[in-house]
Amino acid sequence: MSIERHVRVAILGAGFAGLGMAAQLERHGIPDFLVVERAQEVGGTWRDNTYPGAACDIRSDLYSFSFAPKPDWAFRYGRQPEILEYLRGVAEPLRSRILFGAELLSADWDEDAAVWRLRTARKTFTADLLVSGGGPLIEPTWPDIRGLDSFAGPRFHSARWRHDVDLTGRRVTVIGTGASAIQFVPELQKVAGRLTVFQRTAPWIIPRADAPTSARRRRLFARIPRLQRASRDWVFLMAEARFAGFRVKPIGRVFEAVARRFLRSEVKDPALRAKLTPDFRIGCKRILISSDYYRALTQPNVELVTERIASIEGSTIVGVDGGRREFDVLIAGTGFDATHPPIAPLIHGRGGVSLADRWSPHMGALRGTTVQDFPNLFLLVGPNTALGHNSIIYMIESQLDYVLQALRLMDVAGARTIEPRPEAQAAYNLRLQRELAGAVWSTGGCASYYLDEGGRNTTLWPHRAAAYRAAVRRIDPAEYLLEGASRQRV
């Protein structure tokens, strides 16, 4: 491999996680880094998901970096274009160290040289440390339906929206009723001639208390930054309080009662309402937020179908009940495979073992960030760091500080490499799984993307977000193996 460059830190991905890492390295006087981005622009999820109605379900003040506040959010909940613009602003002073159009082909640990060797579509280079900001919501998944490829018309996933396809007056079929679908279905209802929505499982939905922000609020936040910090803290505390609904059944039942009341107020037809009533505990699957989804489903040009799809025959969907429905455009709102990150097969640690193989049959990492036999590798939004109730940006920032601590620990110890002790990683994940065992995500009576094929929850953090920050507030040297320049363990 012809090496064109060496850097201290290579960062994979220019979404929230990767840009956050780059910004913090810059702020802490570590400028020797390179961000590797497969696309031609920053943004990650918020660059790729451009479907109509795309927005965040966490309040804007909290769904942003604490070190890069934006006082003039237009809405309480950020829309996709504004979030993408925010990320572009964060990236602006870092652009000279972002390698665009450089899809990662492989990242291999060189044991003798103690470096990562990265091969991309543009360049090959080495790095002392590798930070993966490539989250799990990257490659969209399609349902396994017999005859899917027989449809010759426009067919696309919500994460790869075809803006060149005019949906006006068309017969549009949507498969899936997850977090993306409940945002774009109301928009499709306004233009489609006929909209058919196939639902496998009815989600719990609560209303979205959204509104434009006032000009006065924007002026005050710009003039007095501590007011925005106070708003951020308040929103965070309110989100943390909701966590009780996941762990305490009586509180969860109160949340369910609120959601059912909302459903009754929006859907008067008892037959349709029955289809939309979940049969599992709230929180078992992701709780969705929308004030217009139910209303869209009650419109005369919309049909909700709960029968399973048996096959697709050209432009006809055939249900298991024998029903046949013609359509012109097929859109999948079927999400991503969160338990098999697409970056994992490309990263090879000690002995050439890929991260995907290491994570077979289950993902696992020490404090969601480091992995045994993968020296100098740090994962952002790694196993068991996602949340069902609060902002992932808060979790990312907690990890960013943890990575910086690891770098400082290496400098103090004069170490070339750092990796978790096998017994520390094993004990940490055993404790996590015990704490997850009795939680709603494991006992709530549903199948969700939180769980892998073996039924293990390898995605969610089982406590409040603040508990994760406490867990990574100080790196514990006893949990790590450090090797110095002499290759002796210290």
Check: Restricted to the range 273-308, and to residues that are without any contact (Cβ under 8 Å) to a residue 40 or more places away in the chain and over 28 Å from Trp441 (Cβ atoms), which residue is most open to solvent (accessible area, probe 1.4 Å)?
Finding: Pro300
Next item on the list: Search the range 347-358 for residues that are within 20 Å of Ile418 (Cβ to Cβ) and pair each with any residue that is among the hydroxyl-bearing types (Ser, Thr, Tyr) when their beta-carbon atoms are under 6 Å apart and the residues are at least 6 apart or on different chains.
Entry: His348/Ser354
Next item on the list: Sort out which residues of the range 159-183 are buried (at least 20 other Cβ atoms within 10 Å of the Cβ) and either without any contact (Cβ under 8 Å) to a residue 24 or more places away in the chain or in a strand (DSSP E or B) (or both), and write them in order of number.
Entry: Val172, Thr173, Val174, Ile175
Next item on the list: Identify, by number, the condition in (1) in contact (Cβ under 8 Å) with a residue 60 or more places away in the chain; (2) of a type in the set (A, V, I, L, M, F, W, C); (3) assigned to a helix (DSSP H, G or I); (4) open to solvent by 10 Å² or more (accessible area, probe 1.4 Å) that Leu84 doesn't meet.
Entry: (1)
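Working carefully through the options Thr339, Thr385, Thr369, find the one that is under 21 Å from the mean Cα position of the chain (by Cα), modelled with pLDDT under 95, open to solvent by less than 40 Å² (accessible area, probe 1.4 Å) and among the polar types (S, T, N, Q). Spell out how you get there, then give the answer.
Working: Thr385 fails: modelled with pLDDT under 95; Thr369 fails: modelled with pLDDT under 95.
Just a single option satisfies the conditions, and that option is Thr339.
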Next item on the list: Hey, could you check the range 114-152 for residues that are of a type in the set (Lys, Arg) and part of a strand (DSSP E or B) and say which is nearest to Pro375 (Cα to Cα)?
Entry: Arg117
Notebook entry, point to check: Would you call Ala259 in a helix (DSSP H, G or I) and more than 18 Å from Gly333 (Cβ to Cβ)?
Noted result: yes
Check: Is there any pair linking a residue in the range 209-223 that is of a type in the set (Lys, Arg) to one that is open to solvent by 60 Å² or more (accessible area, probe 1.4 Å) and in a helix (DSSP H, G or I), with Cβ under 9 Å and at least six apart or on different chains, and which?
Finding: Arg217/Leu227
Margin query: If I ask for residues that are touching a helix residue (DSSP H, G or I) at 6+ places or on another chain (Cβ under 7 Å) and among the β-branched types (Val, Ile, Thr), which ones from the range 182-208 would you list?
Written below: Ile182, Val185, Val197, Ile205, Ile206
Checklist line | helices (runs of 4 or more DSSP H) contained entirely in the range 409-490, each with at least 3 residues that are at pLDDT 95 or above | finding: 422-437, 465-471
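Only one of these is surrounded by fewer than 16 Cβ atoms within 10 Å (Cβ to Cβ), of a type in the set (Gly, Ala, Ser) and over 30 Å from Ile206 (Cα atoms): Ala415, Ala478. Name it. Write out each step before concluding.
On the way: Ala415 fails: surrounded by fewer than 16 Cβ atoms within 10 Å (Cβ to Cβ).
Step by step, each of Ala415, Ala478 is checked, and only Ala478 is surrounded by fewer than 16 Cβ atoms within 10 Å (Cβ to Cβ), of a type in the set (Gly, Ala, Ser) and over 30 Å from Ile206 (Cα atoms).
The values are calculated or read from the model by the stated rules, or taken from the named source; none is laboratory data. Model, not experiment: these values are computed from the prediction. In this analysis, Cβ positions are derived from the backbone assuming ideal geometry, glycine residues included, and neighbour counts consider all displayed protein chains. Surface accessibility is based on the protein's heavy atoms, side chains included, excluding ligands, DNA and RNA. Shrake-Rupley method; radii C 1.70, N 1.55, O 1.52, S 1.80 Å.
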